[in-house]
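Report on one structure; see the data block that follows.
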Amino acid sequence: MLAAPSLFTLLRTVSRPVWRAQRLRQGLAALAVALGVALAFAVHLIHGSALDAFESAGRRADAAPDWVLQAAAGEFDEGVLAELLALPAVAQALPLLEARLQAAGPGQPALRVLGLDALAAASLAPTLLPRPQDREPLAALDPGLIFLNAAAQQALGLAPGATLRLIGPGGQTVDLTVAGDFADAGPPLAVMDLAGLQPLADRLGRLSRIELRLAEGVDREAFRSDWQQRHPPEAGLQLQSAADRASRLAGASRAYRVNLTVLAGIALFTGAFLVHAVLALAVAQRLPQLALLGVLGVPAALRRRLVLAESALIGGFGSVAGLLMGAGLAWLALRLLGGDLGGGYFPAAAEQGRGLQVGLAATLIHGSLGLGAALVGGWGPARAAEGLAPTQVLKGVATLDGPAASRLRAWAGPLLLPAGLLLSLLPPLAGLPLGAYLGIALMLLGGIACVPGLARLLPAPAWAQGPARAPGAAGWHTLLGLALARARRQRGQATVVVAGVVASLALSVALTVMVGSFRGAVSDWLDAVLPAALYARLAPVAGETPPLPPGLREAAAALPGVRGVDTLQSLALQIDPARPAVMLIARSLPERPEDALPLIGPPWRGRAPEPAVWVSEAFARLHGSQPGDRLLLPLPDAAGRHRPVALRVHGIWRDYARQHGALVIDRRDHLALGGRDDAQDLAISLDEGVSADAVAEALRAAAARLPGGQGLELQRADGIRQLSLDIFDRSFAITRWLQAVAIGIGLFGVAASLSAQVLARRREFGLLLHLGFSRRQLLGLVTAEAAVWALLGIVLGLALGLAIAAVLILVVNPQSFHWTLPMQIDPLPLAGLALAVLAATVAAAAAAARRALRVDPVRAVREDLG
């Protein structure tokens, strides 16, 4: 007996010819693995690079202060600075005011301006320290001078010595001299003296934040604890660190990232299945070759390692391609979206647009995902190659069926399905629906494990078991009976084929129902929250919507055809430093607010001295609020002073726009509590038959006559609705793309599995041809078997897909994004998916059967008897 060859020799002599002959199959399997790796790696790179950009921008601006004092909303009174400087624990304090002002002139951009104390900035924020062109140090204290970093000089086209005209919030203009630059290398930024920016930005006596450096030996956490005891969170002043802000932003995008990563896992799952199908077909085609190797002395374990090595090569190529694709996708996303994942999670990173931050550890981990998925997919064919009996294969009496299913394996499906359902009902872990995702995986595996049991329940028609007929007299009903009988008998082979149908169809059905339900819910919600015909706001300034000019509301109300005008004011409120800010919305509410808000459940009908507030569903879930509860919120007054304000929750409303929560308060209550009247949006209701375009043109002309009214943007309600739905469709485009990938990979795997099984039955077909069956009858038999298996998979896939969709809608959405939506099932897309899977499976079986039936019956019988 010859010595066993090495694994490398077998790969070169046995595997290489197969790879060269089946480039397309191997390439598709590697591509399926690459897609999953690419999506997971891209999500990681986008998030990591964007968060690094934010932290880098924070490090430049903060110069690593010990603490940053900020208000819960807007600015705060500068009198706090004197209180801080009086504390022995505070060594230095840098007051800062941030404003976003529009540069005058056609085509000029908005500009982010920082007002600071140059004397304090020298040690606390050296990169923000102005560098006057004339080298006069005290020039930085001149309120008529401004300093631009390199990016701002390039964006504005101004050099030191030029004049920059800025437009204040009220429309007033101020000419400032560009006196120099400063070292900051980030996005466009300007600095000037704090005393000069406060009147220009209409923020006299206010600050945006104070950066602190503590005295030597002072404990940072003890200082914050002492400060918060004297200034509770309800007072609206919070000490935060750069790490706190980075963690808050990372948490803001966490649900989005996790859901994309789960989609990447789905792609890897389908990739593993395709690797399994391709290698199963390769093993089936090489049965005589593998058997001959066994006869020549190649051990069974070496045959297993050979197939596993082939799967590792597929996974390796797929992983390398996936890493390259993921890096390219992340680079493109950072270029197009600015690193904010398309959702505004990282504003600083979006402005800065830093490059990719690629780490070796993350690259190796994501690369190992593809390799692991390929090895999992190749394990079954490897065991089949190990367990074949060489002499029986060479005689033509061996099959690819494994050993009979044990009692434990027979009960695996019925046990996994309810276990998955129970697991999906677990509460979120660290705010993520990890139990639901694990439950979906168990349900998917359980559904596949149920295939043999369901195949055993297939009917065995009595007319198929009657007296034997001549082969030529076999009709379609006889062929169908034979197909049903074989499907019942060959349950192991059915699992391989039906698993592809179940997996791809279940995932596609689940995503179709989930996306359709979400889109329908958003459409209904938009109808409820856009009651007016026309909406107006000023063009954003550096990403923020400025307040409407005074007198615009009255001018709009006086226009002919206008039935009513409502204003809307939004204020970001930082209630919890560990969580993203919630949005406080002040708007005019009718006597029955439930007529204007899409409420969930009945409103609170009690009486209370506190003003009413209506919380969104996300806010209620995150903060545990219920109708009738009393809320204590840090609200600023018109002078920027924060104080705790008590409000009473009167109801919970549905909101699909603000994932981290929103509050609605009546505009009159907001003004009565001392809030500023800084409305940013105007909602205009029209009389019946009045042209919205004509009113928009008249309002635009009226706004142009008001100070600061230039650049008014008007949109019709139907335009906003369509734009919102278009954004929704773009956001879920990757989901639909993955649906197509899952279906395509699943069907390709089904075709490969059918080809492997039909190929293994060539001698059986030869014997039947010798006994008098026609090729057409055998083709009908194989097609009928595939149709029976496909129908079994379609029924199971539809049921399993609806169950997974229910988990996605009823569990994952509330736990990930803190809102609920009704489950809406449109039967037409599901019927289209089912028919497409059935047609593709039958077509694949017919094509495989035609190839296998090209056999000489005499030769087949001789091989069988020999």
Restrict the check to the stretch 740-752 and report whether at least one residue is more than 27 Å from Thr820 (Cα to Cα), modelled with pLDDT under 90 and surrounded by fewer than 18 Cβ atoms within 10 Å (Cβ to Cβ). yes
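Of all the strands (runs of 3 or more DSSP E) wholly in the stretch 56-154, which have at least 2 residues that are modelled with pLDDT under 90?
Hits in the stretch 56-154: 67-71, 90-103, 110-116.
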Report whether or not Asp576 is charged (D, E, K, R) and surrounded by fewer than 18 Cβ atoms within 10 Å (Cβ to Cβ). yes
Within the stretch 535-568, which residues are at pLDDT 85 or above, surrounded by 14 or more Cβ atoms within 10 Å (Cβ to Cβ) and touching an Asp or Glu at 6+ places or on another chain (Cβ under 6 Å)? Arg537, Gly561, Leu568
Under 6 Å by Cβ, and 6 or more places apart or on different chains, what pairs join a residue from the stretch 216-241 that is over 16 Å from Glu83 (Cα atoms) with one that is in a loop (DSSP other than H, G, I, E, B)? Val218/Ala89; Arg220/Asp66; Gln240/Pro577
Going through the stretch 420-433 one residue at a time, which ones are surrounded by fewer than 16 Cβ atoms within 10 Å (Cβ to Cβ) and either in contact with a Lys or Arg (Cβ under 6 Å, 6 or more places away or on another chain) or at negative phi (or both)? Leu422, Leu425, Leu426, Pro427, Leu429
Which one of these is assigned to a helix (DSSP H, G or I), modelled with pLDDT of 75 or more and over 37 Å from the mean Cα position of the chain (by Cα): Arg776, Arg851? Arg776
Would you point out the residue of the stretch 159-175, among those that are in contact with a helix residue (DSSP H, G or I) (Cβ under 8 Å, 6 or more places away or on another chain) and hydrophobic (A, V, I, L, M, F, W, C), that is surrounded by the fewest Cβ atoms within 10 Å (Cβ to Cβ)? Ala159
Taking the stretch 556-604, which residues are in a loop (DSSP other than H, G, I, E, B), under 18 Å from Ala532 (Cα atoms) and not aliphatic (A, V, I, L, M)? Pro560, Gly561, Ser588, Pro590, Glu591, Arg592, Pro598
Before we move on, is Asp678 in contact (Cβ under 8 Å) with a residue 60 or more places away in the chain, under 28 Å from Pro169 (Cα atoms) and not hydrophobic (A, V, I, L, M, F, W, C)? yes
In the same structural domain as Ala692 (by TED's automatic domain parsing), surrounded by fewer than 19 Cβ atoms within 10 Å (Cβ to Cβ) and touching a helix residue (DSSP H, G or I) at 6+ places or on another chain (Cβ under 6 Å) - does that describe any residue in the stretch 588-598? yes
Read through the list (1) surrounded by 21 or more Cβ atoms within 10 Å (Cβ to Cβ); (2) within 22 Å of Leu821 (Cα to Cα), then give the number of the only condition that Leu635 fails. (2)
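The values are calculated or read from the model by the stated rules, or taken from the named source; none is laboratory data. Model, not experiment: these values are computed from the prediction. All Cβ positions, even for glycine, are placed from backbone atoms using ideal geometry, and neighbour counts span all protein chains on display.
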